[in-house]
Every structure is written in structure tokens, then in C-alpha cells.
Amino acid sequence: MNSSAVFDATFMQNLSLIAQDENLARRLVRYVSKLAHPKEDETRMTEQEFFNNIEEAEKQIERGEGITFNSIEDMNLWLSRL
């Protein structure tokens, strides 16, 4: 048997076991729905957006608008307040 046939057989066997249990079947339907319709990650950005952000940060530093820290603790405190 090739690996595709083994996968198909295993998948069908597991699916038939799940189909026998209503709770498992409901969980599977919810999970498959999440897989089929993933939430969009709002934190993702294009490569161009990333480099534009870097350029803007460099300009802010040149204008003296950057944030500096005297210690790692100060930086961590600032980050924890975000």
C-alpha cells in the first residue's frame, strides 16, 4: 500500500469511529469549520508595510522622538504597560 492509501484508510477508520459518537461528531464539525474559515491575523503586514514602519521609526529617531531606556527593567515596565 502506498502512503496515500494508508492515510485514506486511517482517515476513514477514524472518521467512522467519530461518527458513532455524537459529541465527537459535533466537536469535529466545529473544528473543521475553524480550519475552513480561519480568522484573519490583524497583526500581519506585507513586506512593504514592514519596511515602511522601519523607515518611519528611523525618521522618528532622527527627529529625537524615539524612546530610550536606562535599563532592561525600564524597558520591560514600558512593554508591560502596552
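The values are calculated or read from the model by the stated rules, or taken from the named source; none is laboratory data. In this text, all values refer to a predicted model and were calculated from it rather than measured experimentally. Glycine also receives a Cβ, built like all others from the backbone with ideal geometry; neighbour counts cover every protein chain displayed. The protein model used for the area step is the full one, side chains on, heavy atoms only, and it has no ligands, DNA or RNA in it. Shrake-Rupley method; radii C 1.70, N 1.55, O 1.52, S 1.80 Å.
A few points about this structure:
- Nearest 10 degrees, 0 to 90: helix 22-36 Cα axis against the chain principal axis: 40 degrees
- Summing charges over neighbours of Asn14, with a neighbour being any other residue whose Cβ is under 14 Å away from its Cβ, gives -1 when K and R count +1 and D and E count -1.
- Solvent-accessible area of the chain (1.4 angstrom probe, protein heavy atoms only): carbon and sulfur portion equals 55 percent.
- Candidates per trypsin sites (Lys or Arg not before Pro) in the range 1-68, loop by DSSP, up to 10 other Cβ within 10 Å: Lys39, Arg44, Arg63
- What the phi angles of the range 44-60 give under the Karplus curve with 6.51, -1.76 and 1.60, with θ = phi - 60°, is a coupling list of 6, 9, 6, 4, 5, 4, 4, 5, 5, 5, 4, 4, 5, 5, 5, 5, 4 Hz, glycine and proline written as x.
- Multiplying the residue separation of Asn70 and Arg27 by 0.36 nm and subtracting their alpha-carbon distance yields 10.4 nm.
- Per residue, the accessible area of the range 2-82 comes to 98 Å², computed with a 1.4 Å probe over protein heavy atoms only.
- Legend: calculated FRET efficiency, Asp8 to Thr43, from the Cβ-Cβ distance at R0 = 35 Å, rounded to 0.05, equals 0.40.
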